[in-house]
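The values are calculated or read from the model by the stated rules, or taken from the named source; none is laboratory data. Fair warning: this is a prediction, and the values are worked out from it, not measured in the lab. Cβ: placed from backbone, ideal geometry, glycine included. Neighbour counts: every protein chain shown. Ligands, DNA and RNA are excluded from the accessible area calculation, which covers all protein heavy atoms including side chains. Shrake-Rupley method; radii C 1.70, N 1.55, O 1.52, S 1.80 Å.
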Amino acid sequence: MNKDFKRDCVDLLRSKYEAGQLNRRTLLAGLTALGVSAVWRPGKAGAADQLVVVNWGGDAIPAYEQAFTKSFSTATGTTIQIDGSGPLEGSMKTQFESGSVRWDVCDAEPYSALRLGRAGMIEPIDYSIVDKSKIEPGFADEFSAPSYFYSHVIAYDATKFGAKPPSSWADFWDVEKYPGKRTLYKWMTGVLEAALLADGVDPAELYPLDVDRALAKIEGLKPHVASFWQSGAESQQLLRDGEVSMGFLWHTRASLTERDTEGDVRWTFDQGLVTPSGWTVIKNNPSGAKTAMEFIAHCQKPEYQVILLQELGNGPANPAAHALVPADFASVDASSKENFARQIAIQSEWYAEHFGGALDKYLALIGS
Amino acid sequence: MGSVRQTQVLQTVLLWTLPVLVLPFYIAPLLGVFEWSLSRPEPGLQNYVRLVTDGDVIAVLLRTFRICLLVTLISVLCAYLLAYHWVFGSPARRLIMEICIFIPFWISVLIRAFGWIVLLRTKGVANDILLFSGVISDPLYLVRTEFSVVLGMVHFMVPFAVFPLASVMRQIDPKILLASRGMGASASFTFFNAFLPLTLAGIVAAIIIVFVFSLGFFITPAVLGGGKIVMIAEYIYIQMFQTTNWGFGAALSVGLLAIVAILSALLFRVIRPERLVR
């Protein structure tokens, strides 16, 4: 019997079994007849029919189930496991170098995808499967396709600054006009840009970033920085408890804090530093590149993107989705035309080249 | 004859179990780390050169040592007092000491770090009490400072210092102290000239345990330091996962291991800790 045909028979049996049309005994008899019973057993899904999607955990796990994975399982019969351990660049590199990749699709930093991709560790996005026209123009990268957009924004204590709210990073740096402590992001993404904008750099001439100038500006603010937060929850706690009067936050966390404090904390997209997160596929992923790309393409559907916005506040990657956004979510939609216009896009290209060295300098500064 | 042979087989198996486990699961990966430090991104000693010449790295190392020394000093001092009361106190006091030592010992390091945040933050319990009692008029920034990192680390390390100290104190023959007092020595003279020297081995053991343990601290400084207190363990993590500079991360690990080994060897030579396990 032809090998591929045999595999097809197994697939048929399997799908019938999973649909409940075959009982276990008949299935095993069928598999034995094909001489493959040792290869696959029901209940123990092999690597091929399970797709592992990796994100950053927490609320994002149920949200991804709602938005993307349930519908994909229904449509294709592929079971999906969401792993919330976080696709850090080092973790993805470990997977590739160990020779036994366990992750199929990672929700990673686009610059990590670029860096690892140039080192030959990442599968280039197959734009014959993933639809380029369903991606915000200018963000279809070689090694990652946007999964959603999020922004680094100014959040502030509205009980103190409600009358004259801050609207720029220059305001954020101005501790005379806006007294109180600040919080910045420990892993640096967006912070250098904020510092340069505060220092008067024209948004159009931001890149390549002048790291030394940015660090000097941050050094000036450092005595007023209560904490360099490392987790989104920490950034919320700092503002909610009034430990800081203004913070550099992810817009998703800022919006949650506004809701939790019933408006005592507010935030703005003005001068927000917006960036996509990128679907990334490590080379030699267990389910194969094609299945992974099909999953990415599946997630591009506007309806699913809007679910993610409603669940997590993440802005759609597909411009067609904005038309479907309910009115009460329009103000948190980081990638809608009007909100995008108020923000500045982070350049992954710069980070791919300079992140490591700049982060070392940045951490040396904040730790001194 | 058969039983002798069986015993020999059993001895061989028992003798070799540890080396057989240690070799593939510890020595081999360790050699791998060593190899990385010399081969990534390219073969050479550049990672080690950076370790001793890069001012930012040296600053992290010095900060780590400063904090660890401070933590060791405070922990061992607190532990000495605790151990004394634990060993020589009345039964009721001993019970209180046991509760004070063991309850924190059993609680996860992460939970304790967040516990300190709840206590020390601007709107936390400590500031509430101080404000209410009128000691201060504005809340103090207690958390996310070096102070809170040291506090959190001391809190974690004290029980580890209590055990070796209590162990040596239990071995002291009370007759010696009685003899000292009987010969006319004052209480403080007896303490400094009879009691303290007899506990020296325990002090050194406690210092080694606390200092070496502190060097590897990661969660407590990361949570309580407000991102500003980066110590060597976290710095290695950053090199591995954030900047993926694996060769340099490996070199830092080897350096840390070497420092710990040298310190331990030195202290082991000064006082022979094997005396503790009589």
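Yes or no, residue by residue, for (1) within 25 Å of A:Leu192 (Cβ to Cβ); (2) hydroxyl-bearing (Ser, Thr, Tyr); (3) out of contact with any Leu (no Cβ under 6 Å at 6 or more places or on another chain); (4) modelled with pLDDT of 95 or more:
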| position | (1), (2), (3), (4) |
| --- | --- |
| A:Ser245 | yes, yes, yes, yes |
| A:Trp250 | yes, no, yes, yes |
| A:Thr268 | yes, yes, yes, yes |
| A:Val281 | no, no, yes, yes |
| A:His298 | no, no, yes, yes |
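B:Ser214 meets the conditions (1) within 14 Å of chain A (Cβ to nearest Cβ); (2) touching a Cys at 6+ places or on another chain (Cβ under 8 Å) in every case but one. The failed one is (1). Elements of the type helices (runs of 4 or more DSSP H) sitting completely within the stretch A:189-266 and holding at least 3 residues that are more than 13 Å from chain B (Cβ to nearest Cβ): these cover A:191-198, A:211-221, A:251-260. A single entry from A:Thr69, A:Thr74 fulfils the requirement of being in a helix (DSSP H, G or I), β-branched (Val, Ile, Thr) and either at pLDDT 95 or above or open to solvent by less than 20 Å² (accessible area, probe 1.4 Å) (or both): A:Thr69. Taking helices (runs of 4 or more DSSP H) as the structural unit, those lying wholly within the stretch B:1-112 and holding at least 2 residues that are touching a helix residue (DSSP H, G or I) at 6+ places or on another chain (Cβ under 8 Å) and open to solvent by 70 Å² or more (accessible area, probe 1.4 Å) correspond to B:28-39, B:55-88, B:91-106. When B:Lys175, B:Lys228 are screened for being basic (Lys, Arg) and either in contact with a helix residue (DSSP H, G or I) (Cβ under 8 Å, 6 or more places away or on another chain) or within 14 Å of chain A (Cβ to nearest Cβ) (or both), only B:Lys228 passes. Scanning the stretch A:100-119 for residues that are within 14 Å of another protein chain (Cβ to nearest Cβ) and surrounded by fewer than 20 Cβ atoms within 10 Å (Cβ to Cβ) gives A:Arg118, A:Ala119. Only one entry in A:Ala317, A:Ala289, A:Ala358, A:Ala297 is in contact (Cβ under 8 Å) with a residue 12 or more places away in the chain, in the same structural domain as A:Pro110 (by TED's automatic domain parsing), open to solvent by less than 10 Å² (accessible area, probe 1.4 Å) and among the aliphatic types (A, V, I, L, M), namely A:Ala317.
I'd like to check something: does the stretch A:145-163 contain any residue that is assigned to a loop (DSSP other than H, G, I, E, B) and either farther than 30 Å from A:Lys283 by Cβ or assigned by TED's automatic domain parsing to the domain that holds A:Asp360 (or both)? Among the residues of the stretch A:145-163, at least one is assigned to a loop (DSSP other than H, G, I, E, B) and either farther than 30 Å from A:Lys283 by Cβ or assigned by TED's automatic domain parsing to the domain that holds A:Asp360 (or both), which makes the answer yes. Looking across the stretch B:136-188 at every residue that is assigned to a loop (DSSP other than H, G, I, E, B) and without any contact (Cβ under 8 Å) to a residue 12 or more places away in the chain, the one that is most open to solvent (accessible area, probe 1.4 Å) is identified as B:Met183. Residue pairs whose Cβ atoms lie under 7 Å apart, sitting 6 or more positions apart in sequence or on different chains, and linking a residue in the stretch B:23-34 that is in contact (Cβ under 8 Å) with a residue 12 or more places away in the chain to a partner that is assigned to a helix (DSSP H, G or I) and open to solvent by less than 100 Å² (accessible area, probe 1.4 Å), are B:Val33/B:Ala250; B:Val33/B:Ser253; B:Val33/B:Val254; B:Phe34/B:Val254. Do any residues in the stretch B:54-67 that are farther than 14 Å from B:Gly225 by Cβ have Cβ atoms under 9 Å from those of residues that are open to solvent by 30 Å² or more (accessible area, probe 1.4 Å) and assigned to a helix (DSSP H, G or I), where the two are at least six apart or on different chains, and which pairs are they? As it stands, the answer is B:Asp56/A:Lys361; B:Val57/B:Arg50; B:Ile58/B:Val52; B:Leu61/B:Leu256; B:Leu61/B:Ile259; B:Phe65/B:Ile259, since those pairs meet every condition given. A:Glu349 satisfies every condition listed in (1) surrounded by fewer than 16 Cβ atoms within 10 Å (Cβ to Cβ); (2) in the same structural domain as A:Ala297 (by TED's automatic domain parsing) except (2).
Where helices (runs of 4 or more DSSP H) fall wholly inside the stretch A:272-368, the ranges with 1 or more residues that are more than 14 Å from every other protein chain (Cβ to nearest Cβ) and within 22 Å of A:Lys186 (Cβ to Cβ) are A:302-312, A:348-366.
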